[in-house]
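Okay, structure first, notes after.
The values are calculated or read from the model by the stated rules, or taken from the named source; none is laboratory data. All values derive from a computational prediction rather than experimental measurement. In this analysis, Cβ positions are derived from the backbone assuming ideal geometry, glycine residues included, and neighbour counts consider all displayed protein chains.
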Amino acid sequence: MYNTNINKALLLWYDVHKRKLPWREINDTYKTWLSEVMLQQTQVNTVIPYYKKWIKKYPTLLSVANSDIDDLLKLWEGLGYYSRCKNFYNACRIVMNDYCGEIPSDIKKFNSLPGVGPYIAAAVMSIAFNQSHPAIDTNINRVMFRYLGLKNKTNYNKKRIYSKLATFNNLRPGDIIQSIMDIGSSICKTNFVNCENCPLSNSCKAFINGNPLLYPNPKVKKAIPINYFIACFIQKNKSMLIVKRKNDDALGGLWELPMIKVDGLNNRSLFNVSLKNKYNINLNINYKIGNIVHSFSHYKMNISFYNCEIKNSKFYSTSDTNYIKWITRKEINNYAFHKANHKLFDLLEKNNV
């Protein structure tokens, strides 16, 4: 049985207050899907310019499937979580090959595509196909914990939220979901609430109990581990050496200056041995250029950056040009690099190297 009054209140609020976003008011499942992929663990304001650039260059699913992954990664550069881009590319190719270019409207089939988890599947089915599937992102989760007056983020309470959302339904399930998303992004934030303007406040237990900000209990933050690396700037004439990361890690497919993980800040001997094993490079380490720290979601990179030169001449003729290239600084924009590597480029400029 549906919560008719809640549906009406949410939709009335949404029709007046909904965010104007470039992927809304568009009857295009591809664009809805792309937006949800980009919005994973990323703020809306960050996503909008990336989304617009992407759609301008790749307006259809077919254009993505026929593209080159290196070009897609370059367009994605700076948005982070690059596995999203690679999964979306692979999923588009599967849709073209296995579904004749039609994004499946069956949630099980859609959920089987690379990178499509329960949330994206439910969101796309609701918004693009008008099917009722509770989609729970960070904003919706927070709103519903407060609405139900729940404090502990247990699996039992998460199931209660899912069950309650399943009752929020009518002929516009996608708009119901997006209305709760927008409430969470604008008036029911982590550290700020505007309950007077919330359509759920009359039946929200956290509001009735007097202090919505106490719901839910804050997540205990874990210490972020620090991984140490040594990177080298190797120059030949006016070109520098870059290498491509293999596809089996989170930053796979991106380019970087030669870089090796080490067990401490100054393990230069291990660096030399590791580079020789990985790239067949024998180096002289000339001097330290500087040090940078960059934070990803699950760890920090602490990178010591050295000016180096190659000792073995055979490297120049035997290196794999698919994964090792010499480029000028003017060519940096032709390749996709992770943000930590751009900080190393900044060090080069800052120190006039």
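Could you figure out which of (1) touching a Pro at 6+ places or on another chain (Cβ under 9 Å); (2) aromatic (Phe, Trp, Tyr); (3) in a loop (DSSP other than H, G, I, E, B) isn't true of TYR81?
(1)
If the Cβ limit is 8 Å and pairs must be 6+ apart or interchain, which residue in region 26-46 that is within 10 Å of VAL124 (Cβ to Cβ) pairs with which residue that is in a loop (DSSP other than H, G, I, E, B) and at pLDDT below 95?
THR32/ILE26
So VAL273 passes all but one of these: (1) surrounded by fewer than 18 Cβ atoms within 10 Å (Cβ to Cβ); (2) part of a loop (DSSP other than H, G, I, E, B). Which condition number does it fail?
Just one mismatch for VAL273, condition (2).
Going by what's in this entry, would ASN312 be described as over 17 Å from LYS261 (Cα atoms) and either at pLDDT 90 or above or out of contact with any Phe, Trp or Tyr (no Cβ under 8 Å at 6 or more places or on another chain) (or both)? Explain how you work it out, then say what you get.
Details: over 17 Å from LYS261 (Cα atoms): yes; either at pLDDT 90 or above or out of contact with any Phe, Trp or Tyr (no Cβ under 8 Å at 6 or more places or on another chain) (or both): yes.
Yes; evaluated as a whole, the condition is true for this residue.
Considering ILE103, ILE6, which residue is buried (at least 18 other Cβ atoms within 10 Å of the Cβ), among the aliphatic types (A, V, I, L, M) and not in a helix (DSSP H, G or I)? Before you say what the answer is, go through the steps one by one.
Numbers: ILE6 fails: not in a helix (DSSP H, G or I).
Just one listed residue meets the conditions, ILE103.
Only one of (1) farther than 23 Å from ASP346 by Cα; (2) surrounded by fewer than 17 Cβ atoms within 10 Å (Cβ to Cβ); (3) of a type outside the set (D, E, K, R) fails for ILE281. Which number is that?
(2)
Just need a number here: residues in region 205-251 that are surrounded by fewer than 17 Cβ atoms within 10 Å (Cβ to Cβ) and more than 26 Å from the chain's Cα centre (by Cα).
Result for region 205-251: 12.
Identify, please: which residue in region 21-53 is among the basic types (Lys, Arg) and surrounded by 15 or more Cβ atoms within 10 Å (Cβ to Cβ) and is, among those, nearest to the chain's Cα centre (by Cα)? If you could, list the steps in order and put the result at the bottom.
Applying the first criterion (among the basic types (Lys, Arg)) to region 21-53 yields 24, 31, 52-53.
Cutting the leftovers down to surrounded by 15 or more Cβ atoms within 10 Å (Cβ to Cβ) gives us 24, 31.
On the way: ARG24: 20, LYS31: 16 Å.
For region 21-53, the residue satisfying everything is LYS31.
Does at least one position in region 9-20 carry a residue that is crowded, with 20+ Cβ neighbours inside 10 Å, in a helix (DSSP H, G or I), in the same structural domain as CYS85 (by TED's automatic domain parsing) and touching a residue at least 12 places away in the same chain (Cβ under 8 Å)?
Keep residues of region 9-20 that are crowded, with 20+ Cβ neighbours inside 10 Å, which gives 10, 14.
With in a helix (DSSP H, G or I) added as a condition, the list becomes 10, 14.
Subset that is in the same structural domain as CYS85 (by TED's automatic domain parsing): 10, 14.
Adding the requirement that they be touching a residue at least 12 places away in the same chain (Cβ under 8 Å) leaves 10, 14.
There is at least one residue in region 9-20 that is crowded, with 20+ Cβ neighbours inside 10 Å, in a helix (DSSP H, G or I), in the same structural domain as CYS85 (by TED's automatic domain parsing) and touching a residue at least 12 places away in the same chain (Cβ under 8 Å).
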